[in-house]
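The values are calculated or read from the model by the stated rules, or taken from the named source; none is laboratory data. Predicted model, so just to flag it, every value in this text is computed and none were measured. Counting neighbours? That spans all protein chains shown, and the Cβs are built from the backbone with ideal geometry, glycine included. Ligands, DNA and RNA are stripped out before the accessible areas are found, and what is left, the full protein with its side chains, is counted by its heavy atoms. Shrake-Rupley method; radii C 1.70, N 1.55, O 1.52, S 1.80 Å.
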Amino acid sequence: PQLTFSRKFRSPDMNELYWVPGGNRNLLPESSFTANIGSEFILQLQPLTAISISPSLQFSNVTNWIQWIPSNMGYWLPVNLKQVESRVFELPLTFTTTFGKYKVFSESRWLQTKSEQFDFETMTRKKM
């Protein structure tokens, strides 16, 4: 099992600040806290063949998330979303086997994501 925590910071990039038309020089930097928990389970089918499954769950809380949105003027604008929560469930399935000097690897991945913007004024959540 693995458990990780991280804090991240991201400044607006040059496009977000100065793109013409649409840059926003008033953007604030993003900051986030992320927690991730997961594990890996391996089923050895034969000496050189295995299947593994590695489920994980991630939760992120982002302040001032930078998001490009369409404007009324016909182009996109970057804006800060004050508070966003994101949850991700990931389920990768991996198959590996060896034929002589060749190794065969196949992976399939299922993701379910949910992101919501929190509005402090109305105390409501809005799906993104």
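Here residue 82 is the anchor, and the lysines within straight C-alpha reach of less than 22 Å, apart from those fewer than 8 places off in the same chain, are 8, 114, 126, 127. Here the relative contact order of the chain, from alpha carbon pairs under 8 Å that lie six or more residues apart, stands at 19 percent.
The largest accessible area among 102, 75, 18 belongs to the first residue in 102, 18, 75, and the rest follow in falling order (1.4 Å probe, all chains).
Taking the Cα centre of segment 50-128 as reference, the dipole from Cβ charges on Lys and Arg (+1) and Asp and Glu (-1) amounts to some 260 debye.
Considered as an equivalent ellipsoid built on the Cα gyration tensor, segment 63-128 has semi-axes of 41, 17, 9 Å, the largest given first.
Under 5 Å between amide hydrogens, built in the peptide plane, is the criterion, and for residue 77 it picks out 69, 71 among residues at least 5 positions away or on other chains.
The Rg/Rh ratio for the chain, using Cα coordinates for both the radius of gyration and the Kirkwood hydrodynamic radius, is 1.16. Legend: calculated FRET efficiency, residue 109 to residue 82, from the Cβ-Cβ distance at R0 = 41 Å, rounded to 0.05, equals 0.85. Label point 7 Å out from residue 71 along Cα-to-Cβ: which residues of segment 2-34 have amide N under 16 Å? Answer for this model: 15-28.
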